[in-house]
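Derivation of every value follows stated rules applied to the coordinates shown; laboratory data play no part. A quick note: this is a predicted structure, and the numbers were derived from the prediction, not measured. Methodologically, a virtual Cβ is constructed for each residue, glycine included, from the backbone with ideal geometry; neighbour enumeration extends over all protein chains shown.
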């Protein structure tokens, strides 16, 4: 009677918001919309692991990994030992998993996962999607005069493990066994002209990168499970370099790798038998190709597993494995050198590498995944059928055109569009905790705005009657990720508010940033688009960031006609116009040095702010304008400059007839 | 006369490296290991056949070490930093990086 081969249950399972035949038994704590589960318990090199990715709200993702053991009564259970993302919102520490399968020789239908410990137990049913954990594409090209080498006959060299299957193993098959559904690009086998390597016909990293840009048919300015494998003669470094993952520049990295057929990997040691020399070369070439491709998955060398360098390190604590038999080790550096390595090398990645490739958060592994959320935007956001709120972003400018250097300040408005009063946290907009902002300059990857600070407020709730709104401002040009809006061009901005079960997505705003007016603006820009200046503008001043204050003063003095000068004037005046105390040392003794308010300087600095209130309101927005008028007015009055304060208020009164309704800076209900 | 290829390999991170080969001094700054190949940079010098003394110093890290080898025709020297120690290796054949 023929034996029946069990159908592996390992692979990818998915859950969608409205699956046809799978509903949660009990609701989750969070509005999880899309989930993936990777079950890894059988098939090739099982890691006895399950991992999952959940999208929480709009911007939140949690990746989790659990080690599994067979459970009494079937299935598996285990502890979650790794979480990444919004971990505070995902408290579970245990999973129990069962697979639904018509019979053991048939493909599974679904898997049921029960999460427990750390929150109310809930169960989720995921549908079977694939026997692989990820899909990916490989393209193999070569330089003119060189050949693509995709395979190796594992039985061709006598130095091999006795148990090793004799087969024609391909690069694609190596990565299939690692868990990837590999497709080969139709653009493969392109002959890249050797002139791309310059007059010396040897490739530099830059030339390789250029060749990839031109000849890789799958190239895209985004992260992608895809890799370009390029075969050439030699790197400019000479025969000592057998291959290199050269793609370590730019926003998308780890997408390209090169193998140098005429490097040391073509030179068998003197003692190698003439009969096996060809197999030796073929083997080293194959090892190099798989090794370099492994680097594109962010795999380090075996002896570097624990290494942290330049602020980068392993994803979990690891130990160096200089003797490991893996594609990621150098055969010639192990004890006993190359013969010892291949004597028990099984042409595979070791378990800790497979765990990483299959189960680590995708952004760690996926080729080119440098900028999170790129090309996702809010296209997949789940918006309620009958929304309770509307989320608007707007500006107070007559057109959405910004001068070069001019910061962008948005007004956010959350409006109750239902026919019932709604309770909302008073500071739901002000804290920014629930607000996600995406900024995309045309031609560049999208970026998520990360504010310099999240504010923690006491969460009093206010009642919004139908039609009422909360509003607040958002300085969006700069944050902890740098200046998101700086270069001239067109930008798309969209915000979303994660509000319980509802994701409230704003309108899309398009703005244009103009080119510099003159060389002066270009020169100042080099210092202006800095972290210090961004922080001073965001926090309305600093007594500590003196270099940044100098740049702001330069803008006020040299570019008083520019809107940026209005923005710069405010933090400078707020800093100059008040008394400060700074800690200093006199012969090692700490002392507080008092700095008197310089009302004259503050007033002079405010000239751009005062000169044209309509322009000031347009660039600051009405919310911030009113806030600053009140704050500056109080400061000046207390400093004895009531006349100047009165001038601010006069302007305020004048402006009200032409501007939006007065609003305080901060959440406030308005009709 | 032998040719010596000196490779600064693992463990360098924007370092200033002083290498002395039989008293002939070389200085490299900003030396950083390219992790995907385990190599920062290489350079060559010529030495008289016979015993060669190589002294290496990373002054900003207060690291130094010394190594002796017999040079003959072509010799490859690899220098790595591991923790607070300098490691040396040499070979008559090129080191392979990948």
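Taking a ≥ b ≥ c as the square roots of the eigenvalues of the Cα gyration tensor, an a/c ratio of 1.5 or more together with a/b no larger than b/c marks chain B as oblate. Applying 1/(1 + (r/R0)^6) with r as the Cβ-Cβ distance of residue A:166 and residue A:364 and R0 = 41 angstrom yields a FRET efficiency of 0.70. By the count of other C-beta atoms within 10 Å, a proxy for reagent exposure, B:18, A:12 are ordered fewest to most as B:18, A:12.
Judged by the gyration tensor of its Cα atoms, with axes a ≥ b ≥ c, the range A:389-513 is prolate; a/c meets the 1.5 cut and a/b is the larger of a/b and b/c. The sum of -39500 (n - 2.57) across all DSSP H runs of n ≥ 4, divided by the residue count of chain A, sets its helix-only mean residue ellipticity at 222 nm to -7000 deg cm²/dmol. Normalised by the number of residues in the range A:520-584, the mean separation of alpha-carbon contacts (under 8 Å, six or more apart) gives a relative contact order of 33 percent. Relative to the longest principal axis of the C-alpha atoms of chain A, give the angle of the C-alpha long axis of helix A:205-215, reported between 0 and 90° and rounded to the nearest 10°. Helix A:205-215 and the main axis of chain A meet at about 90 degrees.
The Cα atoms of the protein assembly as shown give a gyration tensor whose axes a ≥ b ≥ c have a/c of 1.5 or more with a/b no greater than b/c, which makes the shape oblate.
So if we plug the beta-carbon distance of residue A:5 and residue A:320 into 1/(1 + (r/R0)^6) with R0 = 56 Å, what FRET efficiency do we get, rounded to 0.05?
That gives a FRET efficiency of 0.90.
Peptide A:231-241 is shielded by partner chain Cβ atoms: per residue, an average of 3 of them sit within 10 Å of its Cβ. Spatially, the range B:17-74 and the range A:385-448 are offset by 58 Å when compared through their Cα centroids. Going from the residue with the fewest nearby Cβ atoms within 10 Å to the one with the most, A:509, A:48 rank A:48, A:509. Take each residue of peptide A:323-335, count the partner chain Cβ atoms within 10 Å of its Cβ, and average: the result is 1. Against the main long axis of the alpha-carbon atoms of chain A, helix A:622-638 sits at an angle near 50°.
Working from Cα pairs under 8 Å separated by at least six residues, relative contact order for chain A is 9 percent. Look at where the Cα atoms of the range A:457-489 and of the range A:81-135 average out, and the two centres are 36 Å apart.
If the chain linking residue A:195 and residue A:248 were pulled fully straight, counting 0.36 nm for each residue of separation and taking away their Cα-Cα distance, it would gain 16.8 nm.
Once the Cα atoms are used to define both axes, helix A:519-528 deviates from the longest principal axis of chain A by about 70 degrees.
Among A:447, B:34, the order by Cβ neighbours within 10 angstrom, fewest to most, reads B:34, A:447.
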